[in-house]
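A.B. asks: There's a structure below that I have some questions on.
The values are calculated or read from the model by the stated rules, or taken from the named source; none is laboratory data. Model, not experiment: these values are computed from the prediction. When we count neighbours, we look across all protein chains shown, and the Cβ atoms used for this are built from the backbone with ideal geometry, even at glycine.
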Amino acid sequence: MPPQPSSSRRALAYLGLCLVLIGLNLRTVFSSFAAVLPEITAGAGLPGWAVLALTTVPVTLLGVFAPLAPGLANRFGPERVLLAAMTLLTAGLLLRPSDLGWLVPGAGHLPALLVGTAACGAAVALCNVLLPGLVKRDFPHRLGLMGGLYTTAICASAALGAGFTYPVFAATGEWTAALWFWALPAVVVLLLFLPVALAQHRARRRTGKDGVSVWRSAVAWQVTIFMLLQAMMSFSVFAWLAPILRERGVDGATAGVMVSVSIALQMLGSLFAPALAARFWDQRAINTVVALMTGGGFALSIFGPLDFIWVWTGLLGLGQGSLTAVALTMIMLRTRDGHTASHLSGMMQGVGYGVGSTGTLLVGLLHQATGSFAAAGVLFLCIGALAAVFGYRAGRRRYIGG
């Protein structure tokens with residue numbers, strides 16, 4: 001990503017606002033679907049394989065499309081690629097709840113759900129990769145602040161999807177309306193970001209000799225595996241926490257509130273964790289602690305005493321928000337320039353989300369095989385422990401390329 005600093009403080013502030021608002025749209029596609037999953041399954045007549053696909057494919061596509069983002073940004077410019085991604089996200093959100101029976105008799109909702117969800121996953125993948133590089137490029141002296149703001153926005157996006165989707169369904173009686181609702185904020189951000197993208201000068205191609213090879217860096221691989229383990233837990237929370245709570249006897253509205261509160265605590269963790277991480281000499285301690293909090297909170301939400309379920313989901317939320325934030329902050333703290341940050345982001349999120357999507361799949365398969373989520377609780381205790389190990393190694397004060 002070539003250095004193209006904004007020409008004025010006002011333009012920089014507007015860019016920062018747009019980046020935060022983009023972050024505010026990057027998780028509703030996951031949490032909104034989970035919030036009304038039983039209603040969608042019944043209303044659309046989804047078979048078991050479709051439920052697994054719709055909870056796993058979006059995260060898998062985050063890994064498939066993430067490595068493409070740096071090359072696209074180098075060729076067309078990161079702002080224009082972000083604009084295209086937001087356009088694709090909006091289109092996917094509009095298509096997702098549609099009934100295509102008028103076009104193909106008997107098609108129903110399933111084809112649109114699959115195609116629309118896939119489009120959203122591809123769009124989110126591009127945004128995920130480009131945001132850290134833009135922060136590194138345009139806000140080099142405000143990494144903790146901007147890192148905290150945009151990761152908080154991402155967590156807030158999940159909270160909004162979890163907290164407001166079921167009430168929209170309850171008010172309208174239609175799960176389709178509950179999903180269509182989330183296209184509105186995407187359209188607003190698309191229009192706000194349009195002037196930024198149109199004003200951007202076309203980026204020049206970068207040659208292979210520019211920068212360092214992140215794929216050959218031990219530091220990059222340690223950060224990437226840390227991200228992978230974080231993603232396995234993070235997207236499993238988005239996809240399965242509400243169904244876990246409802247299976248434990250919590251009603252749909254209360255489950256939505258609990259997930260929303262948990263993700264609100266994610267926002268608190270994601271707001272302060274990047275600033276703390278940036279101030280520390282290294283990040284070994286904070287990476288280890290938040291990884292253990294997340295794995296433990298997830299496990300306790302599954303088989304801990306139900307009387308303390310608010311405590312378990314709160315611990316999970318605070319740990320998960322901090323874990324996601326410090327994992328993303330590693331992109332900026334382990335690189336020296338925006339170009340390397342963009343390529344590390346593509347590697348981290350390509351491998352991390354591509355392999356990390358197996359977390360949601362494993363939870364679904366374990367639930368189908370055992371009839372409960374208890375096995376998933378044990379799984380995430382192990383994943384949390386591994387994340388602590390790799391978080392400790394990634395947290396050492398070193399840079400990619402020496």
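A.B. asks: Quick check on my filter: what residues within the stretch 30-50 are without any contact (Cβ under 8 Å) to a residue 60 or more places away in the chain and of a type in the set (S, T, N, Q)?
C.D. replies: Answer for the stretch 30-50, where residues must be without any contact (Cβ under 8 Å) to a residue 60 or more places away in the chain and of a type in the set (S, T, N, Q): just Thr41.
A.B. asks: Do we have Gln368 as in a helix (DSSP H, G or I), over 29 Å from Leu268 (Cβ atoms) and modelled with pLDDT under 90 here?
C.D. replies: Considered against the rule, which asks whether it is in a helix (DSSP H, G or I), over 29 Å from Leu268 (Cβ atoms) and modelled with pLDDT under 90, Gln368 comes out as yes.
A.B. asks: Listed residues Met332, Met293; which is under 20 Å from Ile154 (Cα atoms), within 20 Å of the chain's Cα centre (by Cα), among the aliphatic types (A, V, I, L, M) and surrounded by 24 or more Cβ atoms within 10 Å (Cβ to Cβ)?
C.D. replies: So the residue among Met332, Met293 that is under 20 Å from Ile154 (Cα atoms), within 20 Å of the chain's Cα centre (by Cα), among the aliphatic types (A, V, I, L, M) and surrounded by 24 or more Cβ atoms within 10 Å (Cβ to Cβ) is Met332.
A.B. asks: Follow-up. Criterion first (at pLDDT 85 or above, out of contact with any Cys (no Cβ under 6 Å at 6 or more places or on another chain) and surrounded by fewer than 17 Cβ atoms within 10 Å (Cβ to Cβ)) does Val36 satisfy it?
C.D. replies: So Val36 fails the test.
A.B. asks: What pairs can you find where one residue is in the stretch 232-256 and within 14 Å of Ala376 (Cα to Cα), the other is at pLDDT below 85 and not in a helix (DSSP H, G or I), and their Cβ atoms are less than 7 Å apart, with a gap of 6+ or different chains?
C.D. replies: Short answer, once both residue conditions are applied: Phe235/Ser357.
A.B. asks: Within the stretch 136-152, how many residues turn out to be more than 17 Å from the chain's Cα centre (by Cα) and crowded, with 24+ Cβ neighbours inside 10 Å?
C.D. replies: Qualifying residue count for the region: 1.
A.B. asks: Out of curiosity, is Leu323 in contact (Cβ under 8 Å) with a residue 12 or more places away in the chain, buried (at least 19 other Cβ atoms within 10 Å of the Cβ) and more than 27 Å from Ala220 (Cα to Cα)?
C.D. replies: In short, no.
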